[in-house]
Amino acid sequence: MPLIRSSAAELANLMATGEASSVEITRASLDRIAEVDGEVHAFLHVDAEGALAQAAEVDRRRAAGEELHALAGVPIAVKDVVVTRGLPTTAGSRILEGWVPPYDATLVTRLREAGLPILGKTNMDEFAMGSSTEHSAYGPTRNPWDLGRIPGGSGGGSAACLAAYEAPLAIGTDTGGSIRQPASVTGTVGAKPTYGGVSRYGLIAMASSLDQAGPCTRTVLDAALLHSLIGGHDRMDSTSLDAPVPPVVEAANRADVSGMRIGIVKELTGEGFQPGVQKRFEEAVQHLVDAGAEIVQVSCPSFRYALAAYYLVMPSEVSSNLAKFDAMRYGLRVLPEGIDDPSAEQVMAATRDAGFGDEVKRRIILGTYALSSGYYDAYYGSAQKVRTLIADDFARAFEVADVLVSPTSPTTAFPFGDKMSDPLSMYMQDIATIPANLAGVPGLSLPSGLADEDGLPAGFQILAPAMKDERMYAVGSALEKRLHAAWGGPLLARVPSLVKEA
Amino acid sequence: MAELTRADVEHLSRLARIDLSDVELDRMVGELGVILESVATVQQAPTDGVEAMSHPLPLANVARPDEVRASLTPQEALSGAPEVDEQRFSVPRILDQD
């Protein structure tokens, strides 16, 4: 198998046995990027030199007999919302164009220490606000399955680079589904760990009580390996969990679901879900039954308010978090037209109008409104109470089920432009993923197959109780094994090659 | 629920320090109205006597040992600034003109 099509675990084996070097593997990824990224546009910045230097260093350490991390030498792409020392970081926004951070996010420090060459930074909706990458200030990423369609969002670049075989691993962030929905529509795997499971230090915050970084991969085992590497306590993030990383790799390897109770959430299935997506979901559930799991039906009645609560809590936090873009200490500075000697406040207002895109402005204004005196109790206050109701629904459901499952995204990838004029229809993409962020529980998406009506990937979501992340890897891995057997290989074997025949 | 007017959006944009153009204001009044109508459904949820949740983790104050650690050099801290004056951020005037 060509190097670019190998999983991270397979690449790690090839390096351990001396069949391939990290330099060869990294070069293969960089060649592939050069070949297809003009069309896919998964990357905002590629660091060939830095990646190859790291690869050579890992090869040297391996030759010297040093003990290395399992993923040492496996190249990785990092979402552009994660700060990287010396590498431009824009979060998909004009307001940060050309900014080169003077420090690394904690998860990036862990990648560097473990010796993973960083290929570059991946495209995303501006400040991670969107479900299609159409809100990137630098143009959208295209879905490798159909270049006329969206790759999901906000982490469309991280998902598309996996599906296009440009990278074997990527980092994503998930505030309302930005890891899982792109995984769903690109036929890849993505996991949002338990809130606090991975340090948020060095993530450009969207909504601090919802944001969580996690692995984007092509297999469930790879996701577990990467989760295990970036997870764990960090004293630079006061909300980081001071507890061991759940045994996710062991769970993915065991892939045992016998006797597990799988809960189907009534509110996250059926109506509103594309028929082909729903059909693949039901087949996947049957595979789990065949593997020895037990199915239970659960109801989470407060989930019907989740989207509304999310679109109050998140913009409120956005309006606060994005106040730091003030044109004074970093990023863009634009002087207002027609004003001699403008004040700092006028410069700030002109810069934020020029530097932020439409969706970012909408959310800042909405959050400013929700937090206004006189409206606070009716909007933000009510939303916070709904959050409690949703957490209570999860707690009750997890009394009778070990994990909960649903389709990840209600549809397959839609054509560009389809939802840009109707923000609410775009928000509906995250209807099944948002409850997990509000409650802080972990979620994983893996491919369930291609929908009959359009031949595009559909996703299967697994949710687990907080700090029981290993359960979603056990279920995901067991399902993946059965699906691969049924398909005669991974779903991504069927993605178009993207290279024009000579 | 109160209807959101153009004047409201203009006021909010001033609070948020975003100098929206007239075209943007016109568009945003309509868009925000639709979104607000949708998110107002949280008010229909049975929230009487329910506690507010601000955060998924039941955390109280978190402290770490007060130790001296490496931090950014002045040069690094200033490296992204639009304008620098020696070891300082150079900013536009902050007071009103007389």
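The values are calculated or read from the model by the stated rules, or taken from the named source; none is laboratory data. For clarity, every value in this text was computed on a predicted model and none was experimentally measured. All Cβ positions, even for glycine, are placed from backbone atoms using ideal geometry, and neighbour counts span all protein chains on display. Ligands, DNA and RNA are excluded from the accessible area calculation, which covers all protein heavy atoms including side chains. Shrake-Rupley method; radii C 1.70, N 1.55, O 1.52, S 1.80 Å.
Below is a table of values for the structure above.
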{"read-out": "Test result for A:D125, within 14 Å of chain B (Cβ to nearest Cβ), of a type in the set (D, E) and touching a residue at least 40 places away in the same chain (Cβ under 8 Å)", "value": "no"}
{"read-out": "Restricting the stretch A:467-501 to residues that are assigned to a helix (DSSP H, G or I) and of a type in the set (D, E), the residue that is surrounded by the fewest Cβ atoms within 10 Å (Cβ to Cβ)", "value": "A:E470"}
{"read-out": "Which numbered condition A:V296 fails, given (1) hydrophobic (A, V, I, L, M, F, W, C); (2) over 19 Å from A:Y376 (Cα atoms); (3) in a helix (DSSP H, G or I)", "value": "(3)"}
{"read-out": "Residues that are of a type outside the set (A, V, I, L, M, F, W, C) and either facing chain A (nearest Cβ under 7 Å) or in contact with a helix residue (DSSP H, G or I) (Cβ under 6 Å, 6 or more places away or on another chain) (or both), drawn from the stretch B:37-55", "value": "B:S38, B:T41, B:Q43, B:T47, B:E51, B:S54, B:H55"}
{"read-out": "Looking only at the stretch A:351-378, and only at residues there that are within 30 Å of B:R88 (Cβ to Cβ), surrounded by 22 or more Cβ atoms within 10 Å (Cβ to Cβ) and aliphatic (A, V, I, L, M), the one that is nearest to the other protein chains (Cβ to nearest Cβ)", "value": "A:I364"}
{"read-out": "Matching residues in the stretch B:80-90 - criterion: being open to solvent by 70 Å² or more (accessible area, probe 1.4 Å) and within 9 Å of another protein chain (Cβ to nearest Cβ)", "value": "B:E83, B:F89"}
{"read-out": "Boolean, B:R27 is exposed (fewer than 14 other Cβ atoms within 10 Å of the Cβ) and either without any contact (Cβ under 8 Å) to a residue 12 or more places away in the chain or at the interface with chain A (Cβ under 7 Å from one of its Cβ atoms) (or both)", "value": "no"}
{"read-out": "Elements of type helices (runs of 4 or more DSSP H) contained in chain B, each with 1 or more residues being under 22 Å from the mean Cα position of the chain (by Cα) and under 30 Å from A:S343 (Cβ atoms)", "value": "B:6-15, B:22-39"}
{"read-out": "Residue list for the stretch A:57-73, restricted to those being open to solvent by 40 Å² or more (accessible area, probe 1.4 Å) and touching a residue at least 60 places away in the same chain (Cβ under 8 Å)", "value": "A:H69, A:A70"}
{"read-out": "Unique residue being modelled with pLDDT of 95 or more and either out of contact with any Asp or Glu (no Cβ under 7 Å at 6 or more places or on another chain) or under 21 Å from B:T5 (Cβ atoms) (or both) when the list is A:G338, A:G355, A:G374", "value": "A:G355"}
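Conditions tested, residue by residue: (1) open to solvent by less than 20 Å² (accessible area, probe 1.4 Å); (2) within 14 Å of chain B (Cβ to nearest Cβ); (3) of a type in the set (D, E, K, R).
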residue	(1), (2), (3)
A:E271	no, no, yes
A:Q278	no, no, no
A:V296	no, no, no
A:S302	yes, yes, no
A:P315	yes, yes, no
